[in-house]
Amino acid sequence: MAGGAVAGGAALLGGCVQNPRDIRIGFLVKQPQEQWFQDEWRFARSAAREYGFSLIAIGAEDGDRVLSALNTLYARYAGGFIICAPDPRLGPAIARFADQTKLKAMSVDDRLTGADGRPVPGIPHVGISARAIGTLAGASAAAEARRRGWTIAETGILRISFDTLETGRERLTGAVDALRAAGYPAAAVFDAPQRTTDTEGAFSAAAPVLTAHGGVDKWIVLGLNDETVIGGVRAAEGLSMKAADIIGIGIGGSEVAIADLSKTRPTGFYASVLLSPRRHGYDTAIAMYRWIHDGRQPPPVTLTSGTLMTRDNYRSLLVREAAA
Ligand code: FCA
């Protein structure tokens, strides 16, 4: 990109007085078809309606699309953007762009890093407390297995992994550590690396691992999000395992999880850790608005928590969320 042209345009923009009505904020997400990101956008749009700014929602599924989306935002006089990048290592390129154009940048969900894996400084981040949320998933799986009277010896832990993503790795580390603390040996953990973090990617990763360990009677299925765990659970069910022999615990708590939890007959998808897309969508959009409008920079890191959602409590949790 021509740095000079960019910097010149930014100076022009800086000279304008910005009315709330003129404030434009980009919200870029890596997987626009995923329910979680749809929910983030929905909440960000409601913040835009309330505060009177415009939200420019863009799906950016690879590095090229991120860069072209950023150029679009710049051309449309956006004051800043919030991004969940398709690859966190785009961090330095995104930070450079923000520097040159004076657009304000925040990351959401997946923290931007340099090539060395360290967070890019100066970009406020809102993410989930990944390890604690993983711990909740793992500890809840152990408790449910105990309740069902499963023995540790007959149980396998299917760890559907996407370890290149820090938040994914942390979630699963928390979950597996909790199960190890409950007495499960390292040998009970079977890795199934997924190529994509959707249901299909998880299904393709899980099926061969489950088939290769046909002697394992009961499975705990873990993954970084609901789509992943649903993929693993469907793979197990596809191999004729009974729902009662599967404990899948997802992370997210959005529509895809609720669809399973509300089925008349229980499936192998036992629970999800409900996250708050409102805090990730609405709160981030407002934080960005305040940064642009009032010069108030958001805190460097904000981490949100999660709540276990099962067939028993999902209705009351959703009512509580709706009222929040
Ligand atoms: C990551 C995952 C998403 C969602 C989000 C909070 O971006 O890929 O599925 O869990 O964190």
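Quick notes on this one:
- Among the conditions (1) modelled with pLDDT under 95; (2) in contact with a strand residue (DSSP E or B) (Cβ under 9 Å, 6 or more places away or on another chain), Arg279 misses just one, which is (1).
- Screening region 77-111 for residues that are assigned to a strand (DSSP E or B) and more than 22 Å from Arg195 (Cα to Cα) and picking the one that is nearest to the ligand (Cβ to nearest atom) gives Ser107.
- Count - residues of region 200-250 that are in contact with a Lys or Arg (Cβ under 6 Å, 6 or more places away or on another chain), within 12 Å of the ligand (Cβ to nearest atom) and part of a strand (DSSP E or B): 0
For (1) surrounded by 20 or more Cβ atoms within 10 Å (Cβ to Cβ); (2) closer than 27 Å to Gln33 by Cβ; (3) at pLDDT below 95, each residue gets a yes or a no:
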| position | (1), (2), (3) |
| --- | --- |
| Thr173 | no, no, no |
| Leu179 | yes, no, no |
| Ala182 | no, no, no |
| Ala186 | no, no, no |
| Gln194 | yes, yes, no |
| Glu200 | no, yes, no |
| Ala207 | no, yes, no |
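- Restricting Ala57, Ala85, Ala95 to those that are out of contact with any strand residue (DSSP E or B) (no Cβ under 6 Å at 6 or more places or on another chain) and either in contact (Cβ under 8 Å) with a residue 60 or more places away in the chain or closer than 30 Å to Thr307 by Cα (or both) reduces the list to Ala85.
- Within region 138-164, the set of residues being among the polar types (S, T, N, Q) and assigned to a helix (DSSP H, G or I) comprises Ser140 only.
The values are calculated or read from the model by the stated rules, or taken from the named source; none is laboratory data. Everything numeric in this text was worked out from a predicted model, so none of it was measured. Neighbour counts run over all protein chains shown; Cβ positions are idealised from the backbone, glycine included.
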